[in-house]
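Engineer: This structure is in C-alpha cells; I'll ask about it shortly.
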Amino acid sequence: MPLLPPAEYVRINLADEFQRWQPAGAVNVRKLAQTLIDLYEIRADDVIIGHSMGGWVAINIKELSGATVIQLASWTNQKKILFPTDNLTILKLMLNTGLTQSRMLTRFFRKAYPFQESRALYDQLLEGSTTMARLYVWQQLQTLFAKVAPLTVQPDLRIHARRDSIVSPPDEPFVDVPGDHFCLVFHAEAVAEPIRTLLANRSGMGTA
C-alpha cells in the first residue's frame, strides 16, 4: 500500500466480515460480494484490489456493482485453483473429520511447497490455518468452490506470477511479475507499478 498513490484505503478482513455477517445456510462468493457491497456502500467509482481469494471476491463485487477491480494472483475461472478437489461434499467430510486442519496434511503441504523465497510466509499461513474456527474454514471453502452464475465482467487488471503453485496463470492477458503466489510481498514494486499506471490513467479520465 505505501507504494500506491494516496487514497482512502479500506482493508477488508474476511474473518471479521463473516463474524459480523453470520450467514445462515450455504455461502457462495456472490452472496459474500453483495454483503460487502451493502456494508461498505461500494459503488462503480470505487477500486477493489484483491489477492488470491480476495481477487475472486473482488471480481464478483464488480459483477454486482461495476467497480474497478485489480486481481493479484487470482482467477475468474475456479478451475484455476490448484487444489486436490473442488467437491464440497468431500471437502466438508475432510473438515468435519479433522483431516483438513491436521498436522499430517499440514506437513504434506509444507513439504510439497517448492519456493524458498516465500517458504517462511507459507509455513506461517499453514500453521495459522490449523487454529482457525472450523466454521470459518468451511465458509472459505464455500467461497472458493461453490458454483455461482457465470461472470459477465472481467478485471481491469490482472497481475500474476507464472510460477504460482497455488493458482494457475490466467488464460487472458496479464502482467507477468517475478516470484510466486506471494509476489505482492516479495516483489512489491513490480506489482505496484502496473497498479499505479492503471490508477493514473483512470484519474486522467476524470474519475476520482
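The values are calculated or read from the model by the stated rules, or taken from the named source; none is laboratory data. This structure is a prediction, so every number in the text was calculated from the model and none was measured. For neighbour counting, all protein chains shown are included, and Cβ atoms are generated from backbone atoms with ideal geometry for every residue, glycine included.
Residue-by-condition table, conditions (1) surrounded by fewer than 14 Cβ atoms within 10 Å (Cβ to Cβ); (2) in contact with a strand residue (DSSP E or B) (Cβ under 8 Å, 6 or more places away or on another chain); (3) in contact (Cβ under 8 Å) with a residue 60 or more places away in the chain:
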| residue | (1), (2), (3) |
| --- | --- |
| Ile70 | no, yes, yes |
| Thr97 | yes, no, no |
| Arg134 | yes, no, no |
| Val137 | no, no, no |
| Gln140 | no, no, yes |
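Engineer: Only residues that are surrounded by fewer than 17 Cβ atoms within 10 Å (Cβ to Cβ), outside any loop (DSSP other than H, G, I, E, B) and touching a helix residue (DSSP H, G or I) at 6+ places or on another chain (Cβ under 9 Å): list them for the range 108-125, please.
Structural biologist: Selection gives Phe109, Arg110, Arg119, Leu121, Asp123.
Engineer: Return a yes/no flag: does the range 91-108 have any residue that is in contact with a His (Cβ under 9 Å, 6 or more places away or on another chain), over 19 Å from Leu32 (Cα atoms) and not acidic (Asp, Glu).
Structural biologist: No, there is no match, as no residue in the range 91-108 is in contact with a His (Cβ under 9 Å, 6 or more places away or on another chain), over 19 Å from Leu32 (Cα atoms) and not acidic (Asp, Glu).
Engineer: While we're here: With respect to Thr35, determine if the residue is assigned to a loop (DSSP other than H, G, I, E, B), more than 22 Å from Arg158 (Cα to Cα), among the hydroxyl-bearing types (Ser, Thr, Tyr) and modelled with pLDDT of 95 or more.
Structural biologist: no
Engineer: Here is a check on your reading of the model: is Lys79 more than 26 Å from Arg196 (Cβ to Cβ), part of a helix (DSSP H, G or I), of a type outside the set (A, V, I, L, M) and at pLDDT 95 or above?
Structural biologist: Yes; evaluated as a whole, the condition is true for this residue.
Engineer: Applying the selection to the range 23-55, what residues are aromatic (Phe, Trp, Tyr) and touching a helix residue (DSSP H, G or I) at 6+ places or on another chain (Cβ under 6 Å)?
Structural biologist: Matches in the range 23-55: none.
Engineer: Do the conditions hold for Ala24, that is, is it over 27 Å from Phe109 (Cα atoms), among the aliphatic types (A, V, I, L, M), at pLDDT below 95 and part of a loop (DSSP other than H, G, I, E, B)?
Structural biologist: Here the answer is yes, as Ala24 does meet what is asked.
Engineer: Tell me whether the range 180-193 contains one or more residues that are at pLDDT 95 or above, surrounded by 15 or more Cβ atoms within 10 Å (Cβ to Cβ) and farther than 17 Å from Leu3 by Cα.
Structural biologist: yes
Engineer: I'd like to check something: does the range 169-179 contain any residue that is in contact (Cβ under 8 Å) with a residue 40 or more places away in the chain and outside any loop (DSSP other than H, G, I, E, B)?
Structural biologist: For the range 169-179, residues in contact (Cβ under 8 Å) with a residue 40 or more places away in the chain and outside any loop (DSSP other than H, G, I, E, B): absent.
Engineer: Restricting to the range 142-154, and then to whatever is of a type in the set (Val, Ile, Thr) and assigned to a loop (DSSP other than H, G, I, E, B), can you tell me which residue is surrounded by the fewest Cβ atoms within 10 Å (Cβ to Cβ)?
Structural biologist: Thr152
Engineer: Any chance you could count how many residues in the range 32-45 are surrounded by 16 or more Cβ atoms within 10 Å (Cβ to Cβ) and more than 18 Å from the chain's Cα centre (by Cα)?
Structural biologist: Number of matching residues: 0.
So that you can scan it fast, the table gives a plain yes or no per residue for (1) in contact (Cβ under 8 Å) with a residue 40 or more places away in the chain; (2) hydroxyl-bearing (Ser, Thr, Tyr); (3) within 18 Å of Trp138 (Cβ to Cβ); (4) in contact with a strand residue (DSSP E or B) (Cβ under 8 Å, 6 or more places away or on another chain):
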{"position": "Arg11", "(1), (2), (3), (4)": "no, no, no, no"}
{"position": "Arg30", "(1), (2), (3), (4)": "yes, no, yes, no"}
{"position": "Thr35", "(1), (2), (3), (4)": "no, yes, yes, no"}
{"position": "Gly50", "(1), (2), (3), (4)": "no, no, no, yes"}
{"position": "Leu82", "(1), (2), (3), (4)": "yes, no, no, yes"}
{"position": "Asp86", "(1), (2), (3), (4)": "yes, no, yes, no"}
{"position": "Arg103", "(1), (2), (3), (4)": "no, no, no, no"}
{"position": "Ala112", "(1), (2), (3), (4)": "no, no, no, no"}
